[in-house]
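*Asks:* The structure is given below, and queries will be raised subsequently.
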Amino acid sequence: MSLIVKCLKHLNIIYVRNVQNLVIEMLDIELKSHHMVIVLDSDLDGLEMVLRNMAELSIKNGFRRFVIHVISTYGNPYYLEKLRYLLQSITSYTVVVRYEGSSSSDLLKLINKLPSDSSIFIRRDSPLIDALKERGLNIYLW
Amino acid sequence: MIDVTSYEVVITSDRTMMSNHHGKEFLGFLATGPAVGLPEKLWMWLAAPKIKVDGEGRPIEAPYGLRKIEAKLIDAGFRAAVIDPDHIHKHLDGMKVLMVGHHDFFAYGPPSNEWWLITGEEPVNRLSFMRFMRSETVRKAKAKGVKVIAGGPAAWQWLWELDFWRECGIDVVVDGEAERVIVDLVRKALDGEELPNYVFVGPADTPSIDEIPVIKAASVNGLIEVMRGCPRGCKFCSVTLRPLRFIPLDKIEKEILVNIKSGITNAILHSEDVLLYGGDGIKPRPEAVIKLHEMVRKHVKGSIAWSHASLASIKYAEDNFKLISRLASEYLLTEGQNFLGVEVGIETGSPRLAEIIMPAKSAPYPASMWPEVVEDSFRIMHENTIIPAATLIIGLPGENSYDVVKTAELIDKLRPYRSIIVPMFFVPMGVLKNRDWFKKQYLTSDHIDLMIRIVNHTLYWAEDIMNKFYLREPYLTPLRFLLKLFIQYVKWRLSRLVPVIEATTHR
Ligand code: SF4
């Protein structure tokens, strides 16, 4: 990647607080997106919750783009089976989906890279909730 | 000397897409069905013969969507080219990104899924695409680390084929108008960066007119886009969510000239409703449509076709401005052309259902007038030698037997008008794997009755169309003969199939 392109990308950093390596790894449209994490170890019962969150953020903050980071034991690309109804329900926003691994350490590594206003969707019985709360993230439980 | 290893980005598809269908776009529909009553090879030759290529394997004509991606990447400075699927091995050494596009990768879209459900056999487009992806060349490409990007209007189908996704090593699937994201995505792929798995391009990222490139090489059968989006807002349609954009005349002209330079003497004007080009909301504006046709006819000496038009626009344009007869007599039915083909959507004959699911499809007429709008516009088309291929959707959400009966009544009223009517099923995904459910729970005897009327209508007019208009060129005689044979075969099969289906459907 040329130096100029890199510099231009760093100008976009106002959209992504915290980390620069995230900027380099992402598409331009992702830089202007709201980031969501879905921890997917069963069927996605929180589908409505995710859609509601998107709608709220779109109305309140004008977001029209979302990046969905998925942590899932189903593996890549099989986790998409659990997401497909969500993806087919979304028509009004740009959505980018990334697989980020399957373990709790993958999750913790991921949230360290993400902006602090990211939304996290996770089952209410997950043992990771306390660790996530400590970081002041927007947690949605299903 | 030509360096055949010079393309870092190879854009392609399988044979059912990479064909000009003998110069007859409509024959491409055969590729959406299984090889009924014929060996698959012969069926493939009928539907999708091989296309001419240059020394590097670049097809003389290629699907328009692939041409747009090619143009966008070339404009951005990449060494990218559309390559025929039989020739991508020539580029294996230099290739770093392989892009595959399709209208219907796995035959989940209409009308492939209808064929599949009724016959129980996989359509050839699905078989051909999967065979291509399993070919030695694609496997070798993947093994040497080539990134694979899939996209096009059927991108969503990959979500239902995850085993195959994994088998093919797909890196990313892009769903939606890709111009704004594709350059960035390919750059990241070439730089070896981590790619997302799925990108859905929403309305906020639909490209502006300036971001839509002019194609660099010819499109299949001279298809060129004149507008994107549709203002009618039907509930079952995703096109309508995207903003309406009219491609300026000078850009359209440039693309026509690209096609002509490659020896393509015909043009298909692509739009969801050609008559709304430069229109005033849902009302056609004659000046804009006439200017468009004037410019196209100035260059195109062969035939001009419309990809789609709305029935309401046809009626409104003729009733208020005599626009259809004027276009037909002054620009369309000239020396090189004796009919005009177009795809139109009836969807239902029930005003009740139309009001619920497609309230603006009949606009500026009220939805309560929908059957009248359909009939009037069919009459107008018939009088002007415009031959529509009309779609009709069975099983729309909220449909009841009253709606099906109203649709059947409308089909009877359309009998005097030359047309092909194609039924489509509104079915949930997963149904393809459960055909018994489909026949027992989904199809009612009213549906069967409706389908028989539709098939009879279509077979009746198909023979007439072939006798008077289609495939008249001497070199297409064998094709015509085979298709006539096929029509007879369908009639024969149908006479045996109907009692069986009736016995297995619920009332
Ligand atoms: S008229 Fe056709 S393209 Fe337009 S919204 Fe309705 S179905 Fe879609």
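The values are calculated or read from the model by the stated rules, or taken from the named source; none is laboratory data. Keep in mind that this is a model prediction, so the values were computed, not measured. Heads up, the Cβs are rebuilt from the backbone with ideal geometry, glycines too, and the neighbour counts pull from every protein chain shown. What goes into the accessible areas is simple: the full protein's heavy atoms, side chains included, and nothing from ligands, DNA or RNA. Shrake-Rupley method; radii C 1.70, N 1.55, O 1.52, S 1.80 Å.
*Asks:* Would you check if there is a residue in the stretch B:118-132 being modelled with pLDDT under 95, among the hydroxyl-bearing types (Ser, Thr, Tyr) and either out of contact with any Pro (no Cβ under 7 Å at 6 or more places or on another chain) or assigned to a loop (DSSP other than H, G, I, E, B) (or both)?
*Replies:* no
*Asks:* Where in the stretch B:301-388 are there helices (runs of 4 or more DSSP H), lying fully within it, with 2 or more residues that are away from the ligand (no atom under 16 Å from the Cβ), closer than 21 Å to B:Ile282 by Cα and under 25 Å from the mean Cα position of the chain (by Cα)?
*Replies:* So the answer is B:323-327, B:370-383.
*Asks:* Filter the stretch A:45-84 down to residues that are more than 10 Å from chain B (Cβ to nearest Cβ) and in a strand (DSSP E or B) and give me whichever is farthest from A:Asn112 (Cα to Cα).
*Replies:* It comes out as A:Ser72.
*Asks:* Anything in the stretch B:228-269 that is of a type in the set (Asp, Glu) and in contact (Cβ under 8 Å) with a residue 24 or more places away in the chain? List them, or say none.
*Replies:* Keep residues of the stretch B:228-269 that are of a type in the set (Asp, Glu), which gives B:250, B:253, B:255.
Passing the criteria: B:Glu253, B:Glu255.
*Asks:* Of the residues that sit in the stretch B:228-283 and are basic (Lys, Arg), open to solvent by 40 Å² or more (accessible area, probe 1.4 Å) and within 16 Å of the ligand (Cβ to nearest atom), which one is farthest from B:Ala312 (Cα to Cα)?
*Replies:* Ranking the qualifying residues of the stretch B:228-283, first place goes to B:Arg242.
*Asks:* Go through B:Ala150, B:Ala107, B:Ala143 for me and flag whichever is of a type outside the set (Ser, Thr, Tyr) and within 14 Å of another protein chain (Cβ to nearest Cβ).
*Replies:* Just a single option satisfies the conditions, and that option is B:Ala150.
*Asks:* What are the pairs with Cβ atoms under 7 angstrom where one residue, in the stretch B:168-195, is without any contact (Cβ under 8 Å) to a residue 12 or more places away in the chain and at the interface with chain A (Cβ under 8 Å from one of its Cβ atoms) and the other, located anywhere, is in a helix (DSSP H, G or I) and open to solvent by 20 Å² or more (accessible area, probe 1.4 Å)? Sequence gap at least six, or different chains.
*Replies:* As it stands, the answer is B:Asp184/A:Asp28; B:Glu193/A:Glu25; B:Glu194/A:Glu25, since those pairs meet every condition given.
*Asks:* Also: Evaluate the stretch A:103-120: report whether one residue or more is more than 14 Å from every other protein chain (Cβ to nearest Cβ) and in a strand (DSSP E or B).
*Replies:* yes
*Asks:* Go through the stretch B:348-378 and give me each residue that's among the aliphatic types (A, V, I, L, M), more than 19 Å from B:Met424 (Cα to Cα) and surrounded by 24 or more Cβ atoms within 10 Å (Cβ to Cβ).
*Replies:* Of the stretch B:348-378, the ones among the aliphatic types (A, V, I, L, M) are B:353-354, B:356-358, B:360, B:363, B:367, B:369, B:373-374.
Imposing the further condition that a residue be more than 19 Å from B:Met424 (Cα to Cα) reduces the set to B:360, B:363, B:367, B:369, B:373.
Selection gives B:Val373 alone.
*Asks:* Ok, one more. Residue under question is B:Glu225, and the condition is that it be surrounded by fewer than 22 Cβ atoms within 10 Å (Cβ to Cβ), within 16 Å of the ligand (Cβ to nearest atom), touching a residue at least 40 places away in the same chain (Cβ under 8 Å) and closer than 18 Å to B:Gly101 by Cβ; does it hold?
*Replies:* For B:Glu225, the condition - surrounded by fewer than 22 Cβ atoms within 10 Å (Cβ to Cβ), within 16 Å of the ligand (Cβ to nearest atom), touching a residue at least 40 places away in the same chain (Cβ under 8 Å) and closer than 18 Å to B:Gly101 by Cβ - is met.
*Asks:* Separate question: Go through the residues of the stretch B:93-106 one by one and say whether even a single one is in a helix (DSSP H, G or I) and either among the small types (Gly, Ala, Ser) or at pLDDT 95 or above (or both).
*Replies:* no
*Asks:* Which of the residues belonging to the stretch B:180-215 are among the charged types (D, E, K, R) and surrounded by fewer than 20 Cβ atoms within 10 Å (Cβ to Cβ)? Outline the logic, then answer.
*Replies:* Applying the first criterion (among the charged types (D, E, K, R)) to the stretch B:180-215 yields B:180, B:184, B:187-188, B:191, B:193-194, B:205, B:210-211.
Residues satisfying the conditions are B:Asp184, B:Arg187, B:Asp191, B:Glu193, B:Glu194, B:Asp210, B:Glu211.
*Asks:* Answer with yes or no whether B:Ile209 is more than 16 Å from the ligand (Cβ to nearest atom) and out of contact with any Leu (no Cβ under 9 Å at 6 or more places or on another chain). If you could, list the steps in order and put the result at the bottom.
*Replies:* Working: more than 16 Å from the ligand (Cβ to nearest atom): yes; out of contact with any Leu (no Cβ under 9 Å at 6 or more places or on another chain): yes.
So B:Ile209 passes the test.
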